1. Tell me, in nm to one decimal, what length is gained between residue 98 and residue 19 on full extension, where the rule is 0.36 nm per residue of separation less the Cα-Cα distance?
2. At 0.36 nm per residue, and after removing the present C-alpha to C-alpha distance, how many nm does the segment from residue 5 to residue 28 gain when stretched out fully?
3. Mind listing the long-range amide H neighbours of residue 15? Cut-off is under 5 Å, sequence gap 5 or more, other chains count too, H placed in the peptide plane at 1.01 Å from N.
4. Starting from the residue with the highest accessible area, list 31, 66 in decreasing order, probe 1.4 Å.
5. For residue 72 paired with residue 49, estimate the spin-label separation in nm (one decimal), with each label point 7 Å from Cα along the Cα-to-Cβ line.
6. For residue 55, which sequence-distant residues (separation of 5 or more, or a different chain) have an amide H within less than 5 Å of its own amide H, given hydrogens modelled in the peptide plane?
7. Can you work out ³J(HN,Hα) from phi for every residue in segment 88-98, in order, using Karplus 6.51 cos²θ - 1.76 cosθ + 1.60 and θ = phi - 60°, giving whole Hz and x for Gly and Pro?
8. Given a Förster distance of 41 Å, report the FRET efficiency between residue 85 and residue 61 from their Cβ-Cβ distance, rounded to the nearest 0.05.
Amino acid sequence: MVGRLPRSCGPGQLVLAEREFLGVPLWQAFTATGADLLWRVPANRILPVDKRLRDGSWLSHIHASTDPARRDPVEVRVLAYQLKDTADGYRLVTSLLDARRYPARQLAGLYRERWEIESVFAEIKTHQRGAGSCSAARPLRVSASRSGLISWSTMPCVSSC
């Protein structure tokens, strides 16, 4: 099902994803549409420093598991950061390679907003739906623009909510 998502994307869109989705074929499918990507990376993923950038991020590369000779690298930019009051470190990879135009701090903040939205969705799903089931005329749709605006829309529930 995830493989069909790139067809819904295009230039000017920023696709944010959790670490389970990082893979070269899916990355290339999204970037081929003109969309930009900002995805979390598993902690054990090795991302060598090809070039360190002024904002603390660095350029690196990833390879598909089907490329054992490592002949076809995909260039990515890596952002490493830590949230206030936690010891946990996070790493993101992005197709937005220009550190001046897309500062690491701004991208990390945008990804944090994604977590906040997920918390809202969890609240709606678990606490506000009530005992009855809720069916919508169309699924919840979430989009993010490069300016950092995140929006969602859905049709109101049509059954016992």
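1. 26.2 nm
2. Gain in length upon complete extension: 7.0 nm.
3. Amide H neighbours of residue 15: 36, 37, 38.
4. Output order, biggest surface exposure first: 66, 31.
5. 3.0
6. Residues meeting the amide H criterion: none.
7. The phi angles translate into 6, x, 10, 10, 10, 10, 9, 8, 7, 7, 7 Hz.
8. 0.80
The values are calculated or read from the model by the stated rules, or taken from the named source; none is laboratory data. Computed from a predicted structure; not experimentally measured. Cβ: placed from backbone, ideal geometry, glycine included. Neighbour counts: every protein chain shown. Remember, those area values only see protein heavy atoms, side chains included, never the ligands or the DNA or RNA. Shrake-Rupley method; radii C 1.70, N 1.55, O 1.52, S 1.80 Å.
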